[in-house]
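First the structure, in the form of structure tokens, and then the observations on it.
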Amino acid sequence: MEDPVIENLKTICLCKNIKKGTILNAIHGGYHTVEAVNRKLGTGSGDCKGERCGPKIKEMIESLLDIAL
Ligand code: FES
């Protein structure tokens with residue numbers, strides 16, 4: 001199993017250098033859609049416009065909340 005500390009340091013939004021742990025905190029803090037996380041953290045506002053990080057954030061929300069978006 002991966003070390004959760006290392007796991008949280010993984011960069012999810014490469015354009016904006018935003019880490020997994022930061023995104024998890026936002027989801028835990030009540031930001032439950034990709035758009036809400038993007039507005040809160042600035043993910044999705046880089047050069048790729050969220051093409052790379054958007055699907056990963058969606059997956060994280062779905063698995064954390066056990067829902068399908
Ligand atoms: S990886 Fe997040 S905006 Fe490009």
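None of the figures in this text is laboratory data; all of them are computed from the coordinates on show. What you are looking at is a predicted structure, and each value in this text was computed from that prediction instead of being measured. Positions of Cβ are generated from backbone atoms using ideal geometry, with glycine treated the same way; all protein chains shown enter the neighbour counts.
Of all residues in region 1-43, those being assigned to a helix (DSSP H, G or I) and of a type in the set (A, V, I, L, M) number 10. Tell me whether region 7-28 contains one or more residues that are more than 16 Å from the ligand (Cβ to nearest atom), among the acidic types (Asp, Glu) and out of contact with any strand residue (DSSP E or B) (no Cβ under 7 Å at 6 or more places or on another chain). Among the residues of region 7-28, at least one is more than 16 Å from the ligand (Cβ to nearest atom), among the acidic types (Asp, Glu) and out of contact with any strand residue (DSSP E or B) (no Cβ under 7 Å at 6 or more places or on another chain), which makes the answer yes.
Restricted to region 44-69, and to residues that are away from the ligand (no atom under 13 Å from the Cβ) and not in a helix (DSSP H, G or I), which residue is nearest to LYS16 (Cα to Cα)? By that ranking, first place goes to LEU69. Close contacts from region 49-69, counting a first residue that is on the phi > 0 side of the Ramachandran plot and a second that is among the hydroxyl-bearing types (Ser, Thr, Tyr), with Cβ to Cβ under 9 Å and a gap of 6+ residues or different chains, come to GLY50/THR43. Scanning region 3-31 for residues that are within 19 Å of LEU69 (Cα to Cα) and either touching a Cys at 6+ places or on another chain (Cβ under 7 Å) or loosely packed, with under 15 Cβ neighbours inside 10 Å (or both) yields ILE12, ASN25, HIS28, GLY29, GLY30.
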